[in-house]
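Novice: Have a look at this one.
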């Protein structure tokens, strides 16, 4: 009963299924269910369906609040999906900060939290957490999307808000569950994807290509199911950085006059971060049926990445030869990198369809190797110093353990489903930067330049009860208690070493959701929750430099506390659904990253601070309808408005005397919208036109970054995509698409991709 209610809020679920599920949840048949001729008509128009074996029906505790889902068939038909994270591109109020194909830093942003909040959402592959809660940033904090492949996805669920006790306070922005499939017969899929971006900005003009080869295979032999995959990507990115300064370098020409996001002089000398990466993702899943009710699953993922970043100087000396003009930014934007990561996970869970069920999940993620090395500076012309620096994350790792039990006092489908669980995790950061005698030789290490390391651990117990008060009423109550500790903090800079103090905190987070099925085609859901997010080890102890900006740790950070509420009204219409959500979230001691020039400090400094209180409140409207005007035309879209206001912030100090109180919170756009139109004239063809809009964002607490369309700014954007998918036969499919076909030029700190052509060919055996 509970799972039926949950699936009823899936984005785009047809009226026939939604109305039926609501009626079943209320204990009776749907009087308006379609007759057999109508059902046959819909079945005849379905695309080819992959046959898979169902995973156990209890992958995780139920979720009573808003849930949106997108199936694999829709992803393949409508999305130019090169990487796993592309599949979620058009979900309501969702934005994934993906700078280029093969990006290692695609962070998930939700309706209340922006692109610099990786630790404020949770991402799972089945019941395996792949969120990198080692940090809350756009560098090492991005989810580990590469632990699966687009071909393995069955569907993606997005759960909005922190309304389930089964999830930590990091779920304040929401929980994304990538649900994979397990084939019940042998299959092999080969997919080749080619993409070309045409880029033109300042003095940089060129075409940047991506080539990806994907191979997946799966099947079943008795009690053993298996699915393995490999993705090899060779990618060239557009410039990810612009090299700027306040003057015109002596003896040079070619400087482009420009401003920074604060309206200050930031002349452009060239482009940096033109990154060439060669990436390999290997992943596998083995599922063994221990008995008809119990299944054990082992997941393994290995990721490697080797790359080089180069620069493009616009400067010329008196004789017309290219030069760096002795600008240090050309050195920091020239680097090489090499990384090897390994993730392993084991889960054992039951599906008895009886009074009791249980699951146990243990995971481990290890940075086996993660190095980036670059020259220490520039010399005359376009030369670099011989020495350099090596930044490493090798040894950084985390582990998680979750145990969950289910008790149904009245049996499966009864009025109560009680779930309870225990959680433990440990995150360990090891991030030294060492000097190199020869910057092109990462083994020529000499002395320690800087370092940041430390650990955080969390233990939690939680309890939740889904209680069917009456056929039309479902009440879910829960609570989560957490104990957190930060220890072994160490920082070194120059000649100063600091051993940071041990920090401890604990918190209780109650949850409540009430669903009322007013009628077979109407439902109202109200949710309230408290959630606590503890500082990540990166926020506490990480000490790094990005170009000329230094990230300074803050070991004295307090946990942030969120009080969230949502009222959702859902309505099933003919061949579609409507949902209106009103939401509000108040956050105290919000952990906000801020970059500014502090008095007495020459270089810009990035640091995390506790902001007194901020409030996010808004409205979200989501709609989907099939067979609009003509048969085969499906329209779907969402629009979200958020008033995000800083209510108090006594700790903020501005060099200009400005205030942050009453200003818009960083990285949260006021307006966001998506629209997708897909036309399927028959079972073989689909034509999709999609658009995404985001209002402008601020990245400063006092909203002084009011100069748009410059490096470092967070612009508003309107991006339109198109895709044509053709199922040639049962074994061969081809697609051609264009992302950003209107060639919108915008910055989200980095210059974002311009018009990109994408083509793929898939062979299924």
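Novice: Sort the following peptides by mean Cβ neighbour count (other Cβ atoms within 10 Å, averaged over residues), highest first: 199-206, 570-577, 150-157.
Specialist: 150-157, 570-577, 199-206
Novice: On C-alpha positions alone, give me the angle between the axis of helix 15-25 and the longest principal axis of the chain, in degrees, nearest 10.
Specialist: Helix 15-25 sits at roughly 70 degrees to that axis.
Novice: Can you tell me the relative contact order of region 237-357? Whole percent, Cα pairs under 8 Å, sequence separation 6 or more.
Specialist: It rounds to 27 percent for region 237-357.
Novice: Once you keep just the Cα pairs under 8 angstrom separated by 6 or more residues, what percentage relative contact order results for the chain? Can you show the working numbers first?
Specialist: Details: 2310 pairs, mean separation 88.2, N = 765.
Relative contact order comes out at 12 percent.
Novice: Report the calculated FRET efficiency for residue 437 and residue 403 (r = Cβ-Cβ distance, R0 = 56 Å), to the nearest 0.05.
Specialist: Taking R0 as 56 Å, the efficiency between residue 437 and residue 403 is 0.65.
Novice: Please report the spacing between the Cα centers of region 461-503 and region 71-86 in Å, no decimals.
Specialist: Going from one Cα centre to the other spans 33 Å.
Novice: Distance in nm between label sites at residue 488 and residue 445, each 7 Å beyond Cα in the beta-carbon direction?
Specialist: Label-label distance for residue 488 and residue 445, simple model: 1.7 nm.
Novice: Per DSSP H run of at least 4 residues, take -39500 (n - 2.57); add these up for the chain, divide by its residues and hand me the 222 nm value, nearest 500 deg cm²/dmol. Mind showing how you got there, number by number?
Specialist: Values: 6 runs with 42 residues, N = 765.
The helix-only estimate for the chain comes to -1500 deg cm²/dmol at 222 nm.
Novice: Report the extension gain between residue 495 and residue 364 in nm, rounded to one decimal, defined as 0.36 nm multiplied by the number of residues separating them, less their alpha carbon distance. Walk me through the numbers before you get to the answer.
Specialist: Numbers: separation 131, 0.36 × 131 = 47.16 nm, distance 3.45 nm.
This chain segment gains 43.7 nm when fully extended.
Novice: Determine, at each q value in 0.14 (inverse angstroms), the log₁₀ of I(q)/I(0) that the Debye formula gives when each Cα of region 69-150 is one equal point scatterer.
Specialist: -0.43
Novice: Follow-up. Order the peptides 413-426, 102-115 from the highest to the lowest mean number of other Cβ atoms within 10 Å of their residues.
Specialist: Sorting 413-426, 102-115 by mean packing, highest first, produces 102-115, 413-426.
Novice: While we're on this one: Quote the FRET efficiency, to the nearest 0.05, computed for residue 265 versus residue 194 with a Förster distance R0 of 45 Å and r equal to the Cβ-Cβ distance.
Specialist: 0.65
Novice: Hey, another quick one. Ranked highest first by average number of other Cβ atoms within 10 Å, how do 307-319, 265-277 line up?
Specialist: Details: 307-319: 17.4, 265-277: 22.1.
Ranking the peptides 307-319, 265-277 by packing returns 265-277, 307-319.
Novice: In Å and on Cα atoms, what radius of gyration and Dmax does region 466-562 show?
Specialist: 21.8, 70
Novice: Sequence gap at least 6, Cα distance under 8 Å: using those rules, report the relative contact order of region 604-746 to the nearest whole percent.
Specialist: 17 percent
Novice: Does region 306-351 classify as rounded, prolate or oblate by the C-alpha gyration tensor (a ≥ b ≥ c root eigenvalues; a/c under 1.5 gives rounded; else a/b over b/c gives prolate, otherwise oblate)?
Specialist: Prolate is the answer for region 306-351, as a/c is 1.5 or above and a/b outweighs b/c.
Novice: Any chance you could check the Cα centroid distance between region 667-703 and region 352-413 for me, in angstrom?
Specialist: 29 Å
Novice: Okay, next question. May I ask for the equivalent-ellipsoid semi-axes of region 160-263, computed as the square root of five times each C-alpha gyration tensor eigenvalue and listed largest first in whole Å?
Specialist: So the equivalent ellipsoid measures 46, 26, 9 Å along its semi-axes.
Novice: Gap in Å between the Cα centre of region 159-204 and the Cα centre of region 315-342?
Specialist: Using only Cα atoms, the two centres lie 33 Å from each other.
Novice: Also: Compute the Cα gyration tensor for region 335-492, then decide on rounded, prolate or oblate, letting a ≥ b ≥ c be the square roots of its eigenvalues: rounded whenever a/c is under 1.5, prolate when a/b is larger than b/c in the other cases, and oblate in all that remain.
Specialist: prolate
Novice: Label residue 617 and residue 519 with points 7 Å out from Cα along Cα→Cβ: what is the distance between them in nm?
Specialist: 3.0 nm
Novice: Still on this structure, I have one more. Calculated FRET efficiency, residue 729 and residue 293, Cβ-Cβ r, R0 25 Å, to nearest 0.05?
Specialist: E between residue 729 and residue 293, to the nearest 0.05, is 0.05.
Novice: What is the gain in length, in nm to one decimal, between residue 643 and residue 310 on full extension, counting 0.36 nm per residue of separation less the C-alpha to C-alpha distance?
Specialist: 115.8 nm
Novice: Working out 0.36 nm times the residue gap between residue 656 and residue 736, then minus their Cα-Cα distance, what length gain in nm do you get to one decimal?
Specialist: Extra length from residue 656 to residue 736 when fully extended: 23.7 nm.
Novice: If you don't mind, there's one more thing I want to ask. Rounded, prolate or oblate: which one fits the chain, using the alpha carbon gyration tensor with axes a ≥ b ≥ c (rounded when a/c is under 1.5, else prolate when a/b beats b/c, else oblate)?
Specialist: Note, shape of the chain comes out prolate.
Novice: Continuing with this model, one more query. How far apart, in nanometres, would the label points at residue 670 and residue 211 be if each is projected 7 angstrom from Cα along the Cα-to-Cβ direction?
Specialist: With each label placed 7 Å out from Cα toward Cβ, I get 4.7 nm.
Values quoted throughout were computed directly from the atomic coordinates according to the rules given, and no laboratory measurement underlies them. Nothing here was measured: the structure is a model prediction, and the numbers come from that model. So basically every Cβ, Gly included, is an ideal-geometry build from the backbone, and we count neighbours across all protein chains shown.
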